[in-house]
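Accompanying notes for the structure given below.
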Amino acid sequence: MKLLAIDTALDACSAAILDGDKVLARVISPGGKGNAERLLPVLEQARSLAGLELRQLDAIAATIGPGSFTGIRTALATARALGLALNRPVHGVTTTEALAFAAAQPGKGIVAVIDARRGEVYLQGFAAADAGLGKALAEPQILPVAAAAAALPAGATLLVGSGAALLLQAAGRGDLGLAPAEPNPDPVIVARLAMAQPRPQQSPAPLYIRPPDAALPAVLQPRAALSVTLRPCGVEAADILALLHHEAFDSGAHGETWNAQSFRDLLAMPGALCLLALSADQPVGFLLLRVAADEAEVISLGVKSRLRRLGVAAALMRDGLAQLAGRGVRRCFLEVADDNAAARALYTGLGFQAVGHRRGYYAAGGDALVMQKLIPFPGETLQ
């Protein structure tokens with residue numbers, strides 16, 4: 001079995017290709033910045049060292065987290081794209097299992113610890129075993145450092161990962177030690193763990209443990225604009241989009257929230273365009289549009305409820321409208337709840353005008369206002 005393993009979840013960009021037990025290629029590019037730009041050259045270097053074409057692969061694997069949101073998404077999106085293009089299964093391996101596997105020693109428990117910053121760590125413990133890695137004691141989780149130190153298992157235990165020294169100091173226990181292993185997953189180990197899994201029936205989902213709010217500034221001035229980065233996304237972001245939709249609309253009265261499959265179906269439609277808003281590398285909002293010829297519609301616009309009125313929705317809409325103009329779209333339509341004064345004010349401020357009314361439009365029975373914006377060509381003035 002020839003398998004390609006990819007990791008960009010933490011502070012390295014790496015890939016390995018194995019043929020059964022034989023390592024054909026192992027490429028590691030240190031540093032966690034710019035992984036999206038570095039990954040394809042790393043993959044090409046690994047392919048060249050292995051002396052094979054991608055179509056000769058039997059499977060793909062990627063780390064799914066915990067780790068940085070962007071890093072997890074980079075590796076997983078690439079693995080999914082390769083799996084789809086080559087019609088190959090895609091395996092998911094957690095960063096904590098890969099780290100623990102590399103550090104396992106007979107008779108000692110292992111705790112993989114990743115520095116999540118802001119006084120927190122991602123961690124997962126594994127029981128002691130006579131050989132190899134023991135059974136996981138719990139699922140990966142995120143805890144404040146003090147709480148993580150208190151939750152460490154009793155007995156001789158090795159800590160591994162970027163947060164190991166931090167946790168060792170906080171725990172102050174004599175039966176704890178630091179494992180002599182790298183703080184980033186070894187792609188060869190990722191490959192071997194994937195090979196030990198049964199054939200997956202579907203592509204793996206990202207493991208986003210930290211709630212998006214946790215990465216935002218602790219104090220926000222009322223109505224102060226929140227700095228965001230806008231990025232296009234596709235079906236690989238369906239899980240996080242579903243989470244955002246749930247957090248934006250679950251308590252509302254204008255219809256049901258959408259699950260990940262709903263987003264996969266929507267993003268697979270011809271003309272679908274989706275933008276994701278990130279703050280401090282964490283998702284805070286999204287805009288989903290659909291383009292048909294020279295017209296477009298806003299399918300959904302969502303922002304985390306506690307971050308509304310901080311300019312996120314406006315930033316998404318402005319960027320979305322600019323992209324529509326670049327595609328030659330002349331009209332953009334949307335529906336907004338009749339009683340949603342804040343949303344109506346946002347759209348009016350962006351140049352939308354009411355052109356219709358739909359009674360009982362929402363599942364809960366609420367009415368919707370239909371709004372339209374005319375989009376001029378560059379340099380054109382609309383009357």
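The values are calculated or read from the model by the stated rules, or taken from the named source; none is laboratory data. Everything numeric here is computed off the predicted structure, so don't read it as measured data. A quick note on method: Cβ atoms are made from the backbone with ideal geometry, for glycine too, and the neighbour counts reach across all protein chains shown. All accessible areas refer to the heavy atoms of the entire protein, side chains included, with ligands and DNA or RNA removed. Shrake-Rupley method; radii C 1.70, N 1.55, O 1.52, S 1.80 Å.
Residues in segment 35-183 average 43 Å² of solvent-accessible surface per residue, probe 1.4 Å, ligands and nucleic acids excluded. Diagonalising the gyration tensor over the Cα atoms of segment 72-139 and scaling each eigenvalue by 5 before taking the square root yields semi-axes of 28, 18, 8 Å, largest first.
Solvent-accessible area assigned to carbon and sulfur over segment 44-101 amounts to 50 percent, based on a 1.4 Å probe. Taking 188, 336, 111 as the candidate residues, the one with maximal mean-square fluctuation in a Gaussian network model of the chain, Cα springs under 10 Å, is 336. In segment 232-315, the ratio of gyration radius to Kirkwood radius, Rg to Rh, stands at 0.95 when only Cα atoms are counted. Of 293, 79, 12, the residue with the greatest mean-square motion in the GNM of the chain, using alpha carbon springs below 10 Å, is 293. Listed by chain and number, the lysines placed with their C-alpha closer than 16 angstrom to that of residue 2 are 22; residues fewer than eight positions away on the same chain are left out. For a straight C-alpha distance cut-off of 26 angstrom, the lysines reachable from residue 108 (same-chain residues fewer than eight places away being disregarded) are 135.
Taking Lys and Arg as +1 and Asp and Glu as -1, the other residues whose beta-carbon sits under 11 Å from that of residue 239 total +1.
By the Cα gyration tensor, segment 1-76 has an equivalent ellipsoid whose semi-axes, rounded to whole angstrom, run 21, 12, 10 from largest to smallest. For segment 370-375, putting each phi into the Karplus relation 6.51 cos²θ - 1.76 cosθ + 1.60 with θ = phi - 60° gives couplings of 8, 10, 9, 10, 8, 10 Hz, in residue order, rounded to whole numbers and with x for Gly and Pro. Entry note, segment 277-383: relative contact order of 22 percent, from Cα contacts under 8 Å with a spacing of 6+ residues. Computed on protein heavy atoms with a 1.4 Å probe, the accessible areas place 1, 371 in the order 1, 371, largest first. For the options 322, 25, 46, a Gaussian network treatment of the chain with springs between C-alpha atoms closer than 10 Å singles out 322 as fluctuating the most. Is segment 282-383 rounded, prolate or oblate when judged by the Cα gyration tensor, a ≥ b ≥ c being the square roots of its eigenvalues, rounded requiring a/c under 1.5 and prolate requiring a/b larger than b/c? The shape class here is oblate. Computed with a 1.4 Å probe on the full set of protein chains, the accessible area for residue 70 sits at about 30 Å². Taking every Cα-Cα distance in the chain and sorting them into 20 Å bins from zero, the calculated P(r) comes out as 26, 49, 23, 2 percent. Shown here is the pair-distance distribution of segment 8-52: with all Cα-Cα distances grouped in 10 Å bins from zero up to the longest one, the shares run 32, 48, 19, 1 percent. Near residue 121, the amide H atoms lying under 5 Å from its own belong to 116, 143, 145; only residues 5 or more places off or on other chains count, and H is placed 1.01 Å from N. Principal axis extents of the C-alpha atoms in segment 272-340 (largest first, rounded to whole Å): 35, 31, 16.
Pairs of alpha carbons in segment 119-165 separated by more than 16 Å make up 37% of all such pairs. Centre-to-centre separation between the Cα atoms of segment 310-332 and those of segment 30-60: 35 Å. Only protein heavy atoms count here; under a 1.4 Å probe, residue 361 has an accessible surface of about 100 Å².
Normalised by 2.2 N^0.38 Å, where N is the number of residues, the C-alpha radius of gyration of segment 37-158 stands at 1.26.
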